[in-house]
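Have a look at the structure below before the remarks.
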Amino acid sequence: MRVIIKDNADIVSQWAANYVAYKINAYKPTPSKPFVLGLPTGSTPLGMYAELIKLYQAKKVSFENVVTFNMDEYIGLEPTHPQSYHYFMQENFFKHVNLKPENIHLLNGMTRDFAKECSEYEREMRKLGGVNLFIGGVGEDGHIAFNEPFSSLTSRTRIKTLTESTIKANSRFFDNDISKVPTMALTVGVGTIMDAREVMILVTGKKKAEALKHGIEGAVSHVWTISELQRHPHGIIVCDKDATEKLEKSTVEYFLDIERNKF
Ligand code: GLP
C-alpha cells in the first residue's frame, strides 16, 4: 500500500486530481477502450472535483472516453433531491466536464427492485472490463462507500442499513436533523471496490485519524472495512497531516521517506 501524506486537504485534492488526470492520459482511452473510473461523494472529494474541473478547462484532461460508476446512493431520494448523490455529482462535477451522459452510472435509490438494480450495476462494470481506478473517501468508523463495520470484505453491490454513527455524521447535510437522513442505501461492496485495478482512498481531517490508524496499522478486519485495502496490490491512501495524528511516528516517517520525490 502507498500512503501519500500531504500538509493539508488542499494539497491532497490537487495531488489526487493530478493523479486521476495522469492515469486517464496514460491509458489513452478510446470509445472502444474507455477508462473506467469509480467515484465517491462526501465532503472529502469536493476539492478533488474542483481541481479536476480546472484541469479539464486547462485542456490537461478530457473525460470524453471515460465511464464512471458512483459508489453509492441513498434509498428514497429522488435524483433532484439536493442531498441525493445524483444531485451532488451533477452539481459538483458532471455538469462541468465533457462526460457523456450515457457513460455515467449511479445506483437508482428509487428503484423497486433493489436486487436487480445491484446485479445489473455489477454486470455493467464487468462488461466494460472492470474498473481502472476506484476513488473513495472513508467514514469516521472506517467504512468505504456505505460498507459499514462488519460488512463482508467480499461483499458486492447491495442494499445496506446505515449505522447510527453514519446517520449522525451525514445529518450535517440534512439541516442537522437525523430524522431527515435516509436509513438505507445502495452501495458497491468491499469486494466490488477491491476488484478495481487500482484503489485510491482520500482521508483528511482529525476526525478520520482513528479510521486511518486502523486502515494502515490495524489488522485486516471487517470492523474497519478500509483495512481491506492492505490486501489490494495497488492501494493508495492520500491523506493530510491532521488525519495521521494517531499513527505511530515511525509509520509517518516511513511513508514520508519512501514517497519523497515520487508522483
Ligand atoms: C458517506 C459516503 C462515503 C464517504 C463518507 C465520508 O458515508 N457514503 O462514501 O466516504 O460519507 O464522507 P465525508 O468525506 O463527507 O467525511
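A few comments on the model shown:
- Nearest-20 debye value, the chain charge dipole, Cβ charges on Lys, Arg, Asp, Glu: 720
- Inter-site label distance for Tyr27 and Lys180 at 7 Å from Cα along Cβ, in nm: 3.6
- Top positive-direction residue, dipole computed over the stretch 15-133 with Cβ charges, set Ser84, Pro45, Pro34: Pro34
- Length available on full extension from Glu164 to Phe150: 0.36 nm per residue minus the Cα-Cα distance, which gives 3.6 nm.
- Taking 7 Å steps out from each Cα toward its Cβ at Lys60 and Met1 produces label points 2.8 nm apart.
- Beta-bridge orientation, the chain: approximately 30 percent antiparallel, per DSSP, counting only bridges with both partners inside.
- Burial ordering of His105, His234, His86, His143, fewest other beta-carbon atoms within 10 Å first: His234, His105, His86, His143
- FRET efficiency for Arg112 and Tyr87, using Cβ-Cβ distance with R0 set to 25 Å, rounded to 0.05: 0.75
- Residues of the stretch 7-42 with amide N under 19 Å of the 7 Å Cα→Cβ point at Asn98: 18, 20-37
Read-outs: derived from the displayed coordinates by stated rules, not from any lab. Source: prediction; values computed, not measured. Positions of Cβ are backbone-derived with ideal geometry, glycine not excepted, and every protein chain shown enters the neighbour counts.
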